[in-house]
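What follows is a short report on a single structure.
The values are calculated or read from the model by the stated rules, or taken from the named source; none is laboratory data. Being a predicted model, the structure only gives us computed values, none of them experimental. Note that each Cβ is placed from the backbone with ideal geometry, even for glycine, and that neighbours are counted across all protein chains shown.
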Amino acid sequence: MEIADWRLKIDELDLQIVALLSERAVAAKAIGQLKRSTSMPVYEPNRERVIFERVRAANKGPLPDIELVHIYERIIDVMRALQRDELASGNNTTTGS
């Protein structure tokens, strides 16, 4: 494949990643609503540890485990912020779409 072909492939993958991140955000907001109703904390270090272990176990490369975990740390930070917003506002609508 030529560079243009690889770039088209990356463009397609980026669209899939965006769609999956959006689905993950919907799930995180729903969890935020449940946490609000049960007074659970947003930050759950044990749950995050499980996620990191799961993605490391699923990683077949070429990304090193540590780099994949760094990506997931950022994803989780953003999802945690969505949950905090959900806890603070009680708002069930999405913004910035």
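For this structure, a couple of remarks:
- Those residues of the range 42-66 which are in contact with a Lys or Arg (Cβ under 7 Å, 6 or more places away or on another chain) and modelled with pLDDT of 95 or more, in sequence order: D65
- Residue list for the range 1-45, filter: within 20 Å of L82 (Cβ to Cβ), part of a helix (DSSP H, G or I) and either among the polar types (S, T, N, Q) or more than 14 Å from the chain's Cα centre (by Cα) (or both): S22, Q33, L34, K35, R36, S37, T38, P45
- Candidate set from the range 50-72 (those that are in contact with an Asp or Glu (Cβ under 9 Å, 6 or more places away or on another chain) and in contact (Cβ under 8 Å) with a residue 12 or more places away in the chain); member that is surrounded by the fewest Cβ atoms within 10 Å (Cβ to Cβ): R56
- A count restricted to the range 4-32 and to residues that are surrounded by 12 or more Cβ atoms within 10 Å (Cβ to Cβ) and farther than 30 Å from Y43 by Cα stands at 1.
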